[in-house]
Structures are given as structure tokens and as C-alpha cells.
Amino acid sequence: MSSIQKVGVVGCGLMGRGIAQVCAAAGYDTVVREVNQDLLDTGLGAIRKQLDRAVEKGKLEAEVRDATLGKLSGTVSLEDLADCDLIIEAIVENIEAKKDLLGVLDRQSPEHTIFSSNTSSLTVTEMGAATDRPDRFVGLHFFNPVPVMKLVEVVRTGSTSQDTFDRAFEFAKSLGKVPVACRDNSGFIVNRLLVPYMLDAIRGFEEGIGSIEDIDTAMKLGTGYPMGPFVLGDFVGLDTLYYIAEIMFDEYREKRFAPPPLLKRMYLAGYHGRKTGKGFYDYSGDEPVVSDFVL
């Protein structure tokens, strides 16, 4: 198995910067690319801020923070990823945008470079087929927040070689993560099971089985979940949930994957959860309260 020494991450948004941070913290030379300097500075600034906060709280040694930042660099040029051993794509969840990006990277990258995608729902097979290295293409699905969440879904397509899969699996372990092997089905393991549950909670509310708060409380106390489905939806982002549901419904054509009417209306109205300040709950006060949209 050839060694992975330098990692490229494309995208310095919420997921991309988290992936870049854990790669650098694990000792890999890591370069993260964003489309413009402002977005790059914002992403790198967020990484530094999180590391500084961990040092202030005594959860991280200052030397470890400095070593992590020393392994991390940013760029706005894809050409700066040309010598990476592994490239992780973490851009917008749009298949055409991902394929266009991968085509550019494929032409400039050496033969040994492994490509991977952090997609949560799109087909890894289709992305790999857009390159000349489908045998060196694998899914690496991290979870938010990346520095905290231990799981990585390692997704193997019918074209992925055993060597590529093994190297990706061991790479995830080297980050301190717990990898699980997945087939290339839309939603993989976690979203394949989680998304229908969240959508069914919304349908249950539409049908009057209980209030937003009571359904959340019931699922927390009745099943031991750390948060109810509506709090979780707001945390994930209702726009993200809507996109994933649309993709999965297109794949499976089963009602349980279809976005309920309420979710679609909230998406269109801009009630996207914590990121916009309002979703199923309103976060503008000291404590969240059920939003006016669903009262």
C-alpha cells in the first residue's frame, strides 16, 4: 500500500474546513482550496478560532494547535492540489458541479492520486465514471461537526479497487475516526435509515399525532435519542434535508423518501433551521420556541 502523505480538500465551508482540520491534526500536509480569497479566509479563520477556543478551555495544548496550523495551507488554485496523494471533494451537493471539478482534477493529478467525495447522498459511481480513475475513486462521508463526530462512511463502488478501498479505510482510521464500509446506495447507511425517520416525523405532525415539542420529547425519552427529529432537522438544515430527500426519492421512488409538503414550504420560505435563525423552532430568543410557521 503506497503512503498517503499530502491531502487536498476542495471546499472550505462547514464540512470542508472540518475535514481539513482533522487531516492536518493527524499530521498530514493538507491544502484546502476555495473559489475565492474571502471564502478561504473565512474558512481558515474558523479553523483557527475553533483551535484557539480549545486551547483556552484546556482541551488542547498550544503546541498541538500550532502543529496543526503548520500542516495546513489554503489556496484558490486547483493547480496547488496537483501533487496530493488523496483529494477529498467537499463542495456543493450538485452532481454536475462535482463532475466538472473532478474532470479538471483528473487531468492534472498523477496516476497514483486517490479521489474521494464527501457526498451524503449522490452516487459515487457517477462521479468516479466522470474521471479516468474509477478504480481509484471512493466515498469518504464525514459527519458534522467533523472534529467531533467519530464516524466515516467509506463507500465502495463496483469499480473501486481493493487497494483503494483499503487505503481509504486505513486513512479514516489514521484520523482517529471509526470507518464503516458502505455500498454505493443513495444515503449509504446513516441517511438511508435516518432521513425516512425525520420525514415520517414531519408527516406525523402534519397528520396530528402530536405537537412539534411533544414528538421531540417522546423520541428523546422514549428511544434515548440525544435530540428529537425536529431539533435534529434544524441542526442539519431543512434545506439540506430537503435536497437529500429529493435525491433519495429520485433514486428509490418510494413515498418514505419524498419530502412532505410542510418541509417543501419551509424550504421555499427560507425557514432552514439554525443557520437562518428559524426552522421548526425560532432561535432569536434566549431559548428556542416553536416557530410561528408551524404553530
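Round to the nearest 0.05 the FRET efficiency obtained for residue 214 and residue 180 when R0 = 41 Å and r is the Cβ-Cβ distance. Efficiency, from the Cβ-Cβ distance: 0.80. Between amide H atoms placed 1.01 Å from N, distances below 5 Å from residue 291 occur with 281, 282, all of them 5 or more places distant or on a separate chain. What does the C-alpha gyration tensor say about the overall shape of region 55-211? Classify as rounded when a/c is under 1.5, otherwise prolate if a/b is larger than b/c, or oblate. Oblate. Amide H contacts of residue 184: 156, each under 5 Å away and 5 or more positions distant or on a separate chain (H built 1.01 Å from N in the peptide plane; Pro and chain starts excluded). If the reach is capped at under 16 angstrom between alpha carbons, list the lysines near residue 255, excluding any in the same chain fewer than eight residues apart. Counting by Cα, and skipping residues close in sequence, residue 255 has these lysines nearby: 264.
Going by average Cβ neighbours within 10 Å, how do the peptides 102-112, 8-18, 186-196 rank, with the highest at the top?
With the highest mean Cβ count within 10 Å placed first, the list reads 8-18, 186-196, 102-112.
Note that region 205-221 has calculated 3J(HN,Hα) couplings of 5, 4, 8, x, 6, x, 7, 3, 5, 5, 5, 4, 5, 4, 6, 5, 7 Hz, one per residue in order, obtained from phi through the Karplus relation 6.51 cos²θ - 1.76 cosθ + 1.60 (θ = phi - 60°); glycine and proline are x.
Taking a ≥ b ≥ c as the square roots of the eigenvalues of the Cα gyration tensor of region 190-290, is the shape rounded (a/c under 1.5), prolate (a/b larger than b/c) or oblate? Oblate is the answer for region 190-290, as a/c is 1.5 or above yet b/c matches or exceeds a/b. Listed by chain and number, the lysines whose C-alpha is less than 16 Å from the C-alpha of residue 150, apart from same-chain residues fewer than 8 away, are 173, 177.
From the Cα gyration tensor of region 108-150, with a ≥ b ≥ c the square roots of its eigenvalues, which class applies: rounded if a/c is under 1.5, or else prolate if a/b is larger than b/c, or else oblate?
In terms of gyration-tensor shape, oblate.
Since every read-out is calculated from the coordinates, none of them should be taken as a lab result. What you are looking at is a predicted structure, and each value in this text was computed from that prediction instead of being measured. Glycine also receives a Cβ, built like all others from the backbone with ideal geometry; neighbour counts cover every protein chain displayed.
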